[in-house]
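Quick notes on the structure that follows.
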Amino acid sequence: MPFPLDPADLQRRRLFKFTASALAVQAVAACGGDANAADGNADDAVRKAVADFGALAPEGTHCLVRADVPEASWSASYNPDRQLFIGSAIKTFILGQFVIDAETSYNGTSGNMPQTIGDEVRSPGSPVFVDLNGTLPAKYALEAMIAHSDNTATDMAYAAVGADRVRQLIARAGLTHTRIPDSTRRLFSYLAGAPDGVDLGWEALMAELAKPSLPNARPAINDRQSMLSTATELVAWYRQSLSGKFFTQPATLTEYKRILAMADAISLVVPADIIAYGKGGSIDWLDFHTISFPGQMIVDQVLVTFCFTYNWRGAETSTGAPFQAFVKAVRPVLQACVDAIRK
């Protein structure tokens, strides 16, 4: 789930003043309505748990759970159309495009094709590959991208499929409020002050992030290089992709699910012994932070698709108390969904 950007661990902590009031204005404008309402036709326990999640940050959260119970589907939501920063949760789209390309061997794409780890793709926030060099089959990079949110692995996958093809998949899914960067390293370069579309390169980016201050730093939420979506669109994506809509071969869906089942966020919030798929995300950039987890779980053959995102500003990072608060708020929602289905 981690999406660290922390230069004094690697990059700790530039202070770009992305004010709480600015975040609130953007959030309310995006959702176009009451920032304190929990809606839907789910039972009271589910709706209360969803409202409690929203209370983490009334102007900086969105949530949607949808249970596809035969002939009686239900949902509960909290500002599901609010566009927020979702961090590495966007990596599900990259995985989706990769396995689509592998179906037809587009440009020679396959899970076994060799990919190179090196400074050409090395990126901050890479707990698996950051100090490694060499080659390995692409499927292991995909696994590192999802299971460990490794950004070097992500840029290896990006290099194979291309950001524009991923954006075409997002458009094909009907997701009009979802944004992805050209690569994770171009995202970091832009946030650090580089022109849009410019990749500073590994050494230059790390040198820039090591500076005492970044006078040209940009906010994580921007209209150029960012990672944005809504709960409505992420739930729509998982419902479509996990049904196999974009794949022509059963084996492709199996591989897509196999890798998504590795996400570390699953064991943190999904009730025990429930099959689930998803990809979480987080970021600590300056004084802005996010934690997000969209996905799907299967409860007694009922599909429950969900998205939870929490954006906030302050000194506490995504690995501290807010992370624990996020986990403690999400668990009851998913447990309430299980209980409602098993009544």
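All of the numbers you see were taken from the coordinates with simple rules; none came from a lab. These numbers come from a predicted model, not from an experiment. Counting neighbours? That spans all protein chains shown, and the Cβs are built from the backbone with ideal geometry, glycine included.
At 222 nm, what helix-only mean residue ellipticity would the chain give, in deg cm²/dmol to the nearest 500, using -39500 (n - 2.57) for each DSSP H run of four or more?
One gets -12000 deg cm²/dmol as the mean residue ellipticity at 222 nm.
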(Q) Neighbour counts of other C-beta atoms within 10 Å: give me 78, 106, 256 arranged from fewest to most. (A) 106, 256, 78
Q. Hey, if you put +1 on the Cβ of every Lys and Arg and -1 on every Asp and Glu Cβ in the chain, which of 158, 76, 263 ends up farthest toward the positive end of that dipole?
A. 76
Q. Taking segment 207-248, which trypsin sites (Lys or Arg not before Pro) meet the DSSP loop condition and have no more than 15 other C-beta atoms within 10 Å?
A. 224, 245
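Place the peptides 225-231, 98-104 in order of packing, highest mean first, counting for every residue the other Cβ atoms within 10 Å and averaging per peptide. If you can, show how the numbers build up before the last one.
On the way: 225-231: 24.4, 98-104: 20.3.
Listed from highest to lowest mean packing, they are 225-231, 98-104.
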Q. What list of ³J(HN,Hα) couplings, whole Hz, do you get for segment 310-324 from phi and the Karplus terms 6.51, -1.76, 1.60, once you set θ to phi - 60° and write x for glycine and proline?
A. 9, 10, 8, 10, x, 7, 7, 8, 6, 9, x, 4, x, 5, 4
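So for each of 64-71, 285-292 I average, over its residues, the number of other beta carbons within 10 Å; can you give me the resulting order with the highest mean first? Intermediate values should be presented prior to the final figure.
Details: 64-71: 18.5, 285-292: 25.6.
Highest-to-lowest ranking by the protection proxy: 285-292, 64-71.
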(Q) Whole-Hz ³J(HN,Hα) for each residue in segment 150-166, computed from phi via Karplus 6.51 cos²θ - 1.76 cosθ + 1.60 with θ = phi - 60°, x for glycine and proline: what do you get? (A) 6, 7, 5, 4, 4, 6, 5, 5, 4, 4, 6, 9, x, 4, 5, 5, 5
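How big, in percent, is the set of alpha carbon pairs in the chain lying more than 27 Å apart? Could you put the intermediate results ahead of the total?
On the way: 24318 of 58653 pairs.
Distances greater than 27 Å cover 41 percent of the Cα pairs.
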Q) Once phi is turned into θ = phi - 60°, what whole-Hz ³J(HN,Hα) does the Karplus curve with 6.51, -1.76 and 1.60 give for every residue of segment 204-218, x standing for Gly and Pro? A) 5, 5, 5, 5, 5, 5, 7, 5, x, 8, 10, x, 9, 4, 10
